[in-house]
Amino acid sequence: MDRSTHDNWYLMKVMSIFGTRPEAIKMAPLVRAIEASPELAGAVCVTGQHRMMLDQVLSFFGIMPAIDLDVMVPNQTLNGLMSRVLARLDEALAEHRPDYVLVHGDTTTALAATFAAFHRGIPVGHVEAGLRTYDLTQPWPEEMNRQVVDRMARDLFSSTEQSATHLREERAPGRIFVTGNTVIDALLMTLDRIDADAELKGALDRQFSFLDPRRRLVLVTGHRRENFGEGFAQVCEALATLAQRQDTEIVYPVHLNPNVHGPVHECLTGKPNLHLIPPLDYVPFVSLMRRATVILTDSGGVQEEASSLGKPVLVMRDVTERPEAVAAGMVELVGTDAARIIARVTRILDLADSPSSSAVRITPYGDGGASRRIVDVLCGRIPLPLA
Ligand code: UD1
Ligand code: UDP
């Protein structure tokens, strides 16, 4: 049903545009909140930047895109991807004529969608605004994507006060709102679904029956472009050493990017305690995070989720645009030096007195109400910020 007109009242038509797995996870609760709002007409446009990793997220959250730009090609270049999104989205905006566009985070999809909307004079809301390292080389190209999107967006939805402070200091032209991060909304929704559904719980137990519950679990993810080459070689060396521990199992769902998949499988195949598996769907990944003793990652979203689950997180980067959990002692930056990774993981494994714990904590990144606050802004229920 087209909800843009209803009983002669005009509803604001909000198009949510995203294309990668993390964007889909973080936009899903917001899309659902928009759908539930009687004042808004929602439409979802996916660019398909991550074809294979996107659809399972949409299906779990019950989201049906109205538009699919289908831009993904194997081993795509950033410029190729950007130009395909820009050209195809321009046609979609001309056809569907949204009043407002929502983008998320730091991806090429978010950058191109912001340009496309900006050039057509459509206001943009940026979800997860104001994250910064102020180093354009890391994370690359995401730091530049964030800064550019934040210059063009009309509404800047920041997860934390610190992100909002960056935007104020930069004199960002948009209106700044601190809402919390929608990733926590998604996480809490997912944990509730798992805990309420015995069949789903049983299916997850069966999926991970290859893991010995008496052993400690190290969960690993890694895909950052800055770590391609020497960085990944060091990480693999560290994992090969850690896999020699008899009290430990390592699970590494390997990202589909060929620059990650190739070297990781080449170095690490055939180690009994080390399970290289394809990227996990979101629900099984959440259940493994809950089960892990320690999480080793270069991901942004995993830093936020894992600290919410009370899990120690070691981040394979030199800087992070999410310093709040580092300051709170939940996250430690370990870079990609093999000896340092081995030492820090070993320390946590040796100190852990039980294979895992699963407390959900309040984190700096949100309380589960971010989507509701963003919808309140879109509906004019939150007063505009004074400065
Ligand atoms: C992208 C984002 C990054 C985000 C990450 C999340 C940019 C510049 N980078 O990086 O910010 O943190 O996604 O995962 O937007 N591939 C597949 N199937 C998939 C996904 C990827 O085959 O479902 C392979 C393809 O060969 C693709 C390549 O991975 O060409 C690279 O994917 P791309 O989206 O360009 O970059 P990511 O490294 O995934
Ligand atoms: N994730 C997932 N399956 C995996 C690895 C990660 O569903 O095998 C989820 C994870 O819970 C988080 C998001 O994907 O919400 C993080 O994605 P990624 O690390 O690709 O990107 P980033 O957060 O760095 O942008």
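Bear in mind that the values in this text are calculations on the coordinates, not laboratory data. Everything numeric in this text was worked out from a predicted model, so none of it was measured. FYI the Cβ positions are ideal-geometry reconstructions off the backbone, even for glycines, and counts take in every protein chain you see.
Tell me, what does the Kirkwood hydrodynamic radius of the chain come to in angstroms if you use every pair of distinct C-alpha atoms? Final number for the Kirkwood radius of the chain is 21.5 Å. Which one of Leu314, Ser59, Met152 is farthest out on the positive end of the charge dipole of the chain, using unit charges on Cβ (Lys, Arg +1; Asp, Glu -1) and the Cα centre as origin? Going by the charge dipole, the pick is Leu314.
Couplings for the range 38-49, taken from phi via the Karplus curve 6.51 cos²θ - 1.76 cosθ + 1.60 with θ = phi - 60°, read x, 8, 10, 10, x, 9, 10, 10, 9, 7, x, 3 Hz in order; Gly and Pro are left as x. Under 30 Å Cα to Cα from Lys271, which lysines show up? Leave out anything in the same chain fewer than 8 places away. Reachable lysines: Lys201, Lys311. Rg and Dmax, both from the Cα atoms of the range 191-232 and both in Å, are 16.0, 44. With Cα atoms defining each centre, the range 216-289 and the range 171-202 are spaced 25 Å apart in the structure. Protection proxy ranking of 120-130, 225-235, by the mean of other Cβ atoms within 10 Å over each peptide's residues and highest first, is 120-130, 225-235.
Here the peptides 338-344, 11-17 are ranked by packing, the mean other Cβ count within 10 Å, and the order with the highest first is 11-17, 338-344.
As a length-normalised measure over Cα pairs under 8 Å and 6 or more apart, the relative contact order of the chain settles at 15 percent.
Taking the range 201-339 on its own, what percent of its Cα-Cα pair distances exceed 22 Å? The proportion of pairs with Cα distances above 22 Å equals 35 percent. Rounded if a/c is under 1.5, else prolate if a/b beats b/c, else oblate: with a ≥ b ≥ c from the C-alpha gyration tensor eigenvalues square-rooted, which is the range 286-326? Since a/c reaches 1.5 and a/b is larger than b/c, the shape of the range 286-326 is classed as prolate. Relative to the longest principal axis of the Cα atoms of the chain, the long axis of helix 198-207 lies at roughly 50 degrees.
Shape call for the range 12-135 from the C-alpha gyration tensor, a ≥ b ≥ c root eigenvalues: rounded (a/c under 1.5), prolate (a/b greater than b/c) or oblate? In terms of gyration-tensor shape, rounded. Cysteines in the chain that lack a partner Cβ within the 4.7 Å cut-off: Cys45, Cys379. Ordering 148-157, 29-38 by mean Cβ neighbour count within 10 Å, with the highest value first, yields 148-157, 29-38.
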